[in-house]
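Q: Sharing a structure with you now.
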Amino acid sequence: MIIGQKLRKLREDNGLLLRQIAAELEVDTAYVSKMERGEKNIKREFIIKLASIYNINSDELITLWLANQINEIIKFEEMGLDAVNYIKVFIENSNSHTLK
């Protein structure tokens with residue numbers, strides 16, 4: 001899991017225990033452990049709260065969270081990367097039309 005590794009590093013770099021993060025999120029310790037190991041999906045609201053706990057800009061965590069969501073959908077799809085490239089172009093074109 002892309003974001004799980006980052007969350008574990010942030011927690012360890014900040015010298016925090018699983019139970020401390022669990023208390024902040026109002027979940028059990030096992031849930032936080034599973035988030036970090038990629039065994040549980042993470043709610044977007046937790047991403048924002050975790051950014052606040054670690055005193056970092058939420059943009060990086062949201063980007064990793066979104067990347068993880070996309071990866072979970074396409075990781076076993078033969079045409080997954082083609083789909084990602086297609087949607088990238090589609091979004092870029094959509095954004096350029098709204099800017100005019």
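The values are calculated or read from the model by the stated rules, or taken from the named source; none is laboratory data. Keep in mind that what you see is a predicted model, and the values were worked out from it rather than measured. FYI the Cβ positions are ideal-geometry reconstructions off the backbone, even for glycines, and counts take in every protein chain you see.
Q: Just checking, does segment 62-71 include any residue being among the hydroxyl-bearing types (Ser, Thr, Tyr) and farther than 30 Å from Leu10 by Cα?
A: No, because not a single residue in segment 62-71 is among the hydroxyl-bearing types (Ser, Thr, Tyr) and farther than 30 Å from Leu10 by Cα.
Q: Let me ask something additional. Modelled with pLDDT under 95, surrounded by 11 or more Cβ atoms within 10 Å (Cβ to Cβ) and not β-branched (Val, Ile, Thr): which single residue out of Asn71, Asn57 fits that description? Break it down into steps so the answer makes sense when it comes.
A: Numbers: Asn57 fails: surrounded by 11 or more Cβ atoms within 10 Å (Cβ to Cβ).
Of the residues listed, the single one that is modelled with pLDDT under 95, surrounded by 11 or more Cβ atoms within 10 Å (Cβ to Cβ) and not β-branched (Val, Ile, Thr) is Asn71.
Q: Are there any helices (runs of 4 or more DSSP H) wholly within segment 8-95 with 2 or more residues that are β-branched (Val, Ile, Thr), and if so which? Show your work before the answer.
A: Values: elements: 18-25, 29-37, 44-53, 58-74.
Per the criteria, 29-37, 44-53, 58-74.
Q: Follow-up. Would you be able to tell me the number of residues in segment 10-41 that are in contact with a Ser or Thr (Cβ under 6 Å, 6 or more places away or on another chain) and modelled with pLDDT under 95?
A: So the answer is 0.
Q: Take segment 17-44 and flag every residue that is over 22 Å from Ala67 (Cβ atoms) and touching a residue at least 24 places away in the same chain (Cβ under 8 Å).
A: Glu24
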